[in-house]
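A short reminder: the numbers here are calculations on the coordinates, not readings from a lab. Everything quoted here is computed from the prediction, not taken from an experiment. Here Cβ is always computed from backbone atoms with ideal geometry, including for glycine, and neighbour counts include all displayed protein chains.
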Amino acid sequence: MAHSQINPLLIQMLTGKDAGESPTRSALPGAYVREIFRNKEQLSPIYEKNHHMFTCKSCSRKGKYDVGILSVNSEEVVKDGDTQKHIQMTGYFRCKHCNEAGNWELPNSILISIMVGSLPLLGGSESNPNVSFGKNQLFDGTSHQYATDAEEHLLQILKESPGDAYIWNRLGNLYQKGNRPELGVSVFEHSVRLDPKQVESHYTLGDMLAQIEDFPNAGYHFRQMLLHAREYKRLPAEKLRDMLAIGLRELFIMSDHTDGEVSILPTPEELEASAQQEIQPGPIVGMEMEVFPDDVETFYPLAEIFMGLRAKEIPLRERTLNVPKVSKAPVKKKKKKRKRRK
Ligand SMILES: [Zn+2]
């Protein structure tokens, strides 16, 4: 039977239990793991399928694996002439026969796709979306050949600080980009269990659940993102605003789809539970804003309200919310703002 391609160390760190050399998917904790896996096809693809035949050096058996996006660090290749060493892959895969990771014989088909992919640089016409040039780095500046190498690196950091929800979020992103959403969702859930204010994990949970049309749970996570945004320091202010604006747009669309059953703004119970009493939905509701789902920037003013003081980090000319203070009185209706174009 083929292995589920899950790192035993991951399960051990998520559950505190030993799940053997080759854990199955049922060992993954989390409330959404099953529904995400079952509806995997509904998630928008991270990259186009990119299968190659690899030989595992540990068990000598062959298998076809989805390698994701190939990144070539051409600068390094020029330096030492070793193309193989400087190819990175975003797809998360382990040997389906022995569950070993990263011990591969690189197939020629990879080198050929890279050569074909580099033709546009040489004046060719077809560009290959699965080949890119440059270097993938983790948040700490380290660089790894296989997604399983990067995973191992993050798990070692987590061994030292298992309660660091931000690192768990980074690990979740790695699985998600590696086209293993069931691993990603389990890790994101773990991340918000450790820290209910992990805004980026709430965002991605909301996004994944919205895509598989689990609107009530998607709504919950997007609203948690809004509630804790003002305290979140791990993102630059403008990126935070972009994320909030996209989340708000999703909430707006889901509310529309469900005839208001999915609340756009945090509910009184959610406000109370999060102890964020200073965000009163009153003045927000009182403000009249024109929002258009196909123009995410129309959600910026609302996003800035949820950012609290963090909105002040955005350069004044880039800010959209021009009320000096959020007052109790409803803000007068404003004309739709001119669109900013970069
Ligand atoms: Zn093997």
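Over all orientations, the stretch 133-272 has a Cα convex hull whose mean projected area works out to 9.2 square nanometres.
Taking all Cα pairs closer than 8 Å and separated by 6 or more residues, the relative contact order of the stretch 1-156 comes to 23 percent. Computed over the alpha-carbon atoms, the stretch 22-135 gives an Rg to Rh ratio of 1.03, Rh here being the Kirkwood radius from the mean inverse distance. The Kirkwood radius of the chain, taken over pairs of alpha-carbon atoms, gives through the Stokes-Einstein law at 37 °C and 0.692 mPa s a diffusion coefficient of 148 µm² s⁻¹. Between Val296 and Cys59, the modelled label-to-label distance comes to 4.1 nm, taking each label 7 Å out from Cα in the direction of the beta carbon.
Ordering of 221-231, 94-104, 164-174 by packing is 221-231, 164-174, 94-104, highest average first (other Cβ atoms within 10 Å, averaged per residue). Most tightly packed first, judged by the mean number of other beta-carbon atoms within 10 Å of their residues, the peptides 179-186, 235-242 read 179-186, 235-242.
Take the Cβ-Cβ distance between Asp80 and Ile112 as r, set R0 to 22 Å, and report the resulting FRET efficiency rounded to the nearest 0.05. After rounding to 0.05, the efficiency reads 0.60. Each Lys and Arg adds +1 at its Cβ and each Asp and Glu adds -1 at its Cβ; summed about the Cα centre, the chain shows a dipole of about 1020 debye. The calculated FRET efficiency for the pair Leu316 and Glu269, based on their C-beta separation and a Förster distance of 45 Å, comes to about 0.80.
Under the criterion of Cα pairs below 8 Å and six or more residues apart, the relative contact order for the chain equals 13 percent.
For the chain, a Gaussian network of Cα nodes joined below 10 Å ranks Phe37, Phe93, Phe188 by mean-square fluctuation, and the top entry is Phe37. One chain, two ends: His97 and Phe133. Fully extended at 0.36 nm per residue, the span grows by 9.8 nm beyond their Cα-Cα distance. Extension gain for Leu9-Arg234 works out to 78.4 nm (0.36 nm per residue, less the C-alpha to C-alpha distance).
Applying a length cut-off of 15 Å (Cα extent along the axis) and a mean Kyte-Doolittle floor of -1.0 to the DSSP H helices of the chain leaves 147-160, 165-177, 181-194, 199-211, 215-228, 237-257.
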